[in-house]
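Asks: One structure is given below, represented as structure tokens, and several questions about it will come after.
Since every read-out is calculated from the coordinates, none of them should be taken as a lab result. Small disclaimer: the values here were computed from a predicted structure and weren't measured.
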Amino acid sequence: MFQTVPLSESQTHFSGQPYSVSVLKVGYCLPQPDGTFRADGTITLITGPKTVLVDTGGPWDRDFLLTTLKEKGLEPGDIDVVVGTHGHSDHVGNLSVFPAAVMIVGYDVSDGDTYRPNQLAEGQGYAIDEQVRYL
């Protein structure tokens with residue numbers, strides 16, 4: 001049996017310098033009796049010198065995402081970098097909401113239609129800045 005329990009603010013927000021991390025939506029994976037599972041990815045916001053969104057949720061999360069960002073004083077154009085941890089729809093379903101952001105999805109780093117050379121496929125990280133690195 002599985003039970004979901006809401007997390008407190010202290011469990012979803014971690015203040016730091018120069019960056020803070022906020023879990024905007026806690027993900028889940030729930031096996032179903034018929035062998036399927038219900039799943040939805042975590043959405044995380046990293047704020048500091050750059051504003052980074054890690055996973056955008058599924059298309060069904062669009063309104064939630066926009067409302068939650070607005071509650072944090074942010075608009076889509078304020079997001080500098082969007083990281084899609086992998087290609088499942090519950091992780092990259094709202095990439096189009098952030099057309100001005102640098103996109104890091106899988107081994108690709110793009111700024112609009114320009115793809116930046118990187119060494120992610122060789123196991124090297126990608127520096128978002130001096131303090132944040134995508135591995």
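Asks: Subtracting the Cα-Cα distance from 0.36 nm times the residue separation, let me have the gained length for residue 121 to residue 20 in nm, one decimal.
Replies: That pair, residue 121 and residue 20, stretches by 33.6 nm at full extension.
Asks: Let me ask you something else. In a GNM of the chain with a 10 Å cut-off on Cα contacts, which of 47, 114, 67 has the highest mean-square fluctuation?
Replies: Between 47, 114, 67, it is 114 that shows the largest mean-square fluctuation.
Asks: For Cα pairs less than 8 Å apart in space and 6+ apart in sequence, what is the mean separation divided by the residue count of the chain, i.e. the relative contact order in percent?
Replies: 15
Asks: What percent antiparallel are the DSSP beta bridges of region 74-124, to the nearest 5?
Replies: In region 74-124, approximately 60 percent of DSSP beta bridges are antiparallel ones.
Asks: Take every DSSP beta bridge whose two residues both sit in the chain, then give the antiparallel share in percent to the nearest 5.
Replies: 75
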